[in-house]
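Taken together, the values in this text are just the output of simple stated rules run on the coordinates, not laboratory data. Computed from a prediction, not measured in an experiment: that's the story for all the values here. Reconstructed Cβ throughout: ideal geometry from the backbone, glycine too, with neighbour counts over all protein chains shown.
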Amino acid sequence: MNEPNDTRQEGREDTVAIPDVLPAMALKDAVLFPFVMVPLSIGRDRSVAAVDQALAESRLVLLLTQPTRTRRTRRARTSTRSARSPGS
């Protein structure tokens with residue numbers, strides 16, 4: 001009988017310490033799943049800075065899905081902003 005292959009490396013831990021604060025990057029029109037490799041096109045200065053920070057520190061970045069803005073959400077956001085007082 002064949003034994004299953006153990007793909008773990010000697011001395012490697014299966015857990016990752018996640019820092020309390022991570023650089024974040026919003027993804028437009030994309031959803032990522034664990035253990036799936038996909039190329040990311042990063043162009044916004046804030047996104048480039050987040051990736052640079054991640055590479056310099058823990059090599060972890062928080063990827064968030066950016067919702068698509070519709071007319072309704074733009075209108076709601078505009079009315080919310082206009083309802084605020086200038087000093088708030």
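Across segment 32-37, rounded Karplus estimates of 3J(HN,Hα) from the backbone phi angles (6.51 cos²θ - 1.76 cosθ + 1.60, θ = phi - 60°) give 10, 10, x, 6, 10, 9 Hz, Gly and Pro being marked x.
Couplings 3J(HN,Hα) of segment 20-30, computed from phi: 5, 10, 10, x, 10, 9, 8, 9, 9, 6, 8 Hz, in residue order, whole Hz [Karplus 6.51 cos²θ - 1.76 cosθ + 1.60, θ = phi - 60°; x for Gly and Pro]. Summing +1 for each Lys or Arg and -1 for each Asp or Glu among the other residues whose beta-carbon sits under 15 angstrom from that of Thr65 gives +1.
Under 5 Å between amide hydrogens, built in the peptide plane, is the criterion, and for Ala24 it picks out Leu62 among residues at least 5 positions away or on other chains.
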